[in-house]
Amino acid sequence: MAYQENSAMTESAGSGYLCTSLVAAAVALALALCVPLCPAQEMAQGQGPAPRLASDPHADSHIADAIRQVSAERIRQTIEKLVSFQNRSTISAQDEASIKAGTGIGAAREWIQAEFERYSKECGGCLEVKTDRFTEPPADRIPKPTEITNVYAVLRGTDAEQAKRIVLVTGHYDSRNSDTLNGTDPAPGANDDGSGTAVSLECARVLSKAVLNKIKFPATIIFLTVAGEEQGLNGSKHFALMAKQQAWKLEAVLNNDIVGGNRGPQQDASVVRVFSEGLPAAASEAEIKRIRTLGGESDSTSRELSRYIADVGRSYDAGVKPLMIFRLDRFLRGGDHYSFNQQGFAGVRFTEFREDFNHQHQTPRTENGIEYGDLLKFVDFDYVAHVARLNAATLASLASAPAPPTNAKMQAKDLENDTTLTWEPSAGAAAYEVVWRSTKAADWEYVQTVSSGTRATLKVSKDNVIFGVRAVDAAGHRSLPVVPEPER
Ligand SMILES: [Zn+2]
């Protein structure tokens with residue numbers, strides 16, 4: 001039967017695939033029962049092999065091994081150290097004496113840089129540790145010209161051409177208390193955003209160690225920690241602009257902000273929210289018009305990235321599942337991913353399921369029996385470790401994958417119910433996959449492999465579904481999908 005062909009293809013695609021007979025049975029059943037089960041009957045029709053379910057998990061055992069090295073204990077130590085600097089406000093002290101005394105943002109910055117350098121030493125110098133330093137002029141929350149420093153480590157890709165592709169994880173190491181202009185009283189920032197900073201550092205530690213254990217990432221991974229978030233996203237704005245001006249091929253930004261899993265009774269530690277923009281912040285008027293015409297409101301590159309993370313969440317046992325939220329951010333709130341979105345890059349925000357607003361942006365104190373403050377004791381280190389595993393698996397998957405197909409087109413010059421897609425080859429691709437979903441479905445539903453060539457015709461009407469095309473390498477690593485442009 002048709003599924004057998006798929007099965008054979010899957011095996012030849014390499015050991016990276018984990019295809020269970022259970023999944024095969026589920027697919028066969030779903031296809032057999034397509035009339036009652038499928039949102040559109042025609043979705044399962046087609047020439048050649050029948051489509052598989054897009055929810056089929058697939059993991060690379062080397063990546064699974066690498067993310068197991070994430071340590072809740074290491075994360076606890078990192079956050080404890082960050083809290084020890086007392087106040088990491090962007091306007092807190094950064095003079096030599098304060099750095100020596102271990103207080104203020106300057107001391108935090110120096111420690112993060114030393115930590116990246118230590119990881120690099122442990123992997124034979126595999127990380128390039130850098131700073132992006134600039135002076136922010138006075139503004140609402142910046143009373144006087146202030147030096148802001150982003151600290152980052154680069155794990156350069158192993159393939160000369162693919163290394164130009166970059167995936168990035170970030171968290172902000174600055175903190176605040178009840179007063180944004182207070183740079184002296186305690187502002188522990190254990191969750192906001194000691195947790196996100198710890199995720200970036202732990203990803204750097206674990207993935208640099210993986211390289212030592214002979215994993216190869218053809219594309220480049222950047223582990224970033226920024227400052228200035230609480231004063232107006234200043235650090236991330238500067239960094240994203242630099243990436244844009246230097247024409248970086250930045251494919252994905254994972255921003256972790258408030259991933260401490262605050263230990264409240266209504267917390268759901270089994271999920272982490274992944275926020276993504278719908279209409280791209282950087283879209284021109286012409287692009288908005290095209291999105292409106294095509295019904296592309298839920299297919300920004302950021303949203304494709306969030307679907308990719310959902311796929312990673314099904315394929316790897318991170319300990320936490322991504323919960324896609326189709327919204328830029330929480331109401332009246334912002335974050336560093338937006339700085340990247342504004343420059344046209346795909347970027348999402350990870351945040352715990354339920355925030356406790358008594359435990360963020362608060363000067364530590366007890367009032368009327370309520371304890372306020374972003375304190376170490378409210379952080380669930382196991383939860384942060386789970387989020388770090390999900391991030392590390394996403395970074396490793398993207399950095400292992402071929403480049404997404406370019407110039408993907410959908411033929412729309414004739415009125416016909418079949419759909420023909422074409423695209424240009426991606427370096428490192430062994431095959432391609434066409435994915436599609438009902439226009440009202442949140443995530444990809446079906447996938448069909450294209451084993452040779454860069455063209456596919458499917459017996460599925462383009463008018464009824466949304467298509468994407470992705471590249472797959474010989475070991476089964478998948479690129480981000482691209483939505484084909486209609487061509488007249
Ligand atoms: Zn924050």
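The values are calculated or read from the model by the stated rules, or taken from the named source; none is laboratory data. None of these values were measured; they are calculated from a predicted model. Here the Cβ positions follow ideal geometry from the backbone for every residue, glycine too, while neighbour counts run over all protein chains shown. When the accessible area is computed, the model is the full protein with side chains, heavy atoms only, and any ligands, DNA or RNA have been set aside. Shrake-Rupley method; radii C 1.70, N 1.55, O 1.52, S 1.80 Å.
Give the residues of the range 265-309 that are farther than 30 Å from ARG354 by Cα and not in a helix (DSSP H, G or I), sorted by residue number.
Going through the range 265-309, the residues farther than 30 Å from ARG354 by Cα turn out to be 283-295.
Those that are farther than 30 Å from ARG354 by Cα and not in a helix (DSSP H, G or I): ALA283, SER284, GLY295.
Is it the case that some residue within the range 274-282 is without any contact (Cβ under 8 Å) to a residue 24 or more places away in the chain, over 30 Å from GLN69 (Cβ atoms), within 16 Å of the ligand (Cβ to nearest atom) and not β-branched (Val, Ile, Thr)? It would help to see each step written out before you state the result.
Applying the first criterion (without any contact (Cβ under 8 Å) to a residue 24 or more places away in the chain) to the range 274-282 yields 279.
Add one more test, that the residue is over 30 Å from GLN69 (Cβ atoms), and what stays is 279.
Adding the requirement that they be within 16 Å of the ligand (Cβ to nearest atom) leaves none.
Within the range 274-282, not a single residue is without any contact (Cβ under 8 Å) to a residue 24 or more places away in the chain, over 30 Å from GLN69 (Cβ atoms), within 16 Å of the ligand (Cβ to nearest atom) and not β-branched (Val, Ile, Thr).
For the range 78-111, enumerate the residues that are assigned to a helix (DSSP H, G or I), among the basic types (Lys, Arg) and within 22 Å of GLY373 (Cβ to Cβ).
Just the residues of the range 78-111 that are assigned to a helix (DSSP H, G or I), to begin with: 78-84, 96-101, 105-111.
Those left that are additionally among the basic types (Lys, Arg): 81, 100, 109.
Once the filter is applied, which keeps residues that are assigned to a helix (DSSP H, G or I), among the basic types (Lys, Arg) and within 22 Å of GLY373 (Cβ to Cβ), the range 78-111 yields only LYS81.
Which condition from (1) modelled with pLDDT of 95 or more; (2) open to solvent by 50 Å² or more (accessible area, probe 1.4 Å) is the one that ARG470 breaks?
(2) is the only condition that ARG470 fails.
Which residue out of HIS359, HIS386 is under 25 Å from LYS81 (Cα atoms) and under 20 Å from the mean Cα position of the chain (by Cα)? Don't jump to the end; show me each part of the working.
Numbers: HIS359 fails: under 20 Å from the mean Cα position of the chain (by Cα).
Criteria check complete, one pass: HIS386.
Criterion first (hydrophobic (A, V, I, L, M, F, W, C), over 17 Å from SER397 (Cα atoms) and open to solvent by 10 Å² or more (accessible area, probe 1.4 Å)) does LEU201 satisfy it?
Numbers: hydrophobic (A, V, I, L, M, F, W, C): yes; over 17 Å from SER397 (Cα atoms): yes; open to solvent by 10 Å² or more (accessible area, probe 1.4 Å): no.
So LEU201 fails the test.
Can you go through PHE326, PHE381, PHE340, PHE345 and tell me which one is of a type outside the set (Lys, Arg), modelled with pLDDT of 95 or more and within 16 Å of the ligand (Cβ to nearest atom)? Give the steps one after another, and end with the answer.
Working: PHE326 fails: within 16 Å of the ligand (Cβ to nearest atom); PHE381 fails: within 16 Å of the ligand (Cβ to nearest atom); PHE345 fails: within 16 Å of the ligand (Cβ to nearest atom).
That would be PHE340, the only listed residue that is of a type outside the set (Lys, Arg), modelled with pLDDT of 95 or more and within 16 Å of the ligand (Cβ to nearest atom).
Could you identify the single residue in ALA243, ALA190, ALA163 that is in contact with a Phe, Trp or Tyr (Cβ under 8 Å, 6 or more places away or on another chain) and more than 13 Å from the ligand (Cβ to nearest atom)? Talk me through it step by step, then tell me what you get.
Numbers: ALA190 fails: more than 13 Å from the ligand (Cβ to nearest atom); ALA163 fails: in contact with a Phe, Trp or Tyr (Cβ under 8 Å, 6 or more places away or on another chain).
Result of the check over ALA243, ALA190, ALA163: ALA243.
State the number of residues belonging to the range 246-273 that are on the phi < 0 side of the Ramachandran plot and either among the acidic types (Asp, Glu) or within 16 Å of the ligand (Cβ to nearest atom) (or both).
Initially, the range 246-273 is screened for residues on the phi < 0 side of the Ramachandran plot, giving 246, 248-257, 259-260, 262-273.
Applying the additional criterion that residues be either among the acidic types (Asp, Glu) or within 16 Å of the ligand (Cβ to nearest atom) (or both) yields 251, 253-257, 259-260, 262, 268, 272-273.
So the count comes out to 12.
Scan the range 146-168 and give yes if some residue there is over 28 Å from the mean Cα position of the chain (by Cα), outside any strand (DSSP E or B) and aliphatic (A, V, I, L, M), otherwise no.
no
Would you mention how many residues in the range 179-197 are within 27 Å of the chain's Cα centre (by Cα) and either surrounded by fewer than 21 Cβ atoms within 10 Å (Cβ to Cβ) or not in a loop (DSSP other than H, G, I, E, B) (or both)? Reasoning before the result, please.
Initially, the range 179-197 is screened for residues within 27 Å of the chain's Cα centre (by Cα), giving 188-197.
Applying the additional criterion that residues be either surrounded by fewer than 21 Cβ atoms within 10 Å (Cβ to Cβ) or not in a loop (DSSP other than H, G, I, E, B) (or both) yields 190-197.
The number of residues fulfilling the criteria is 8.
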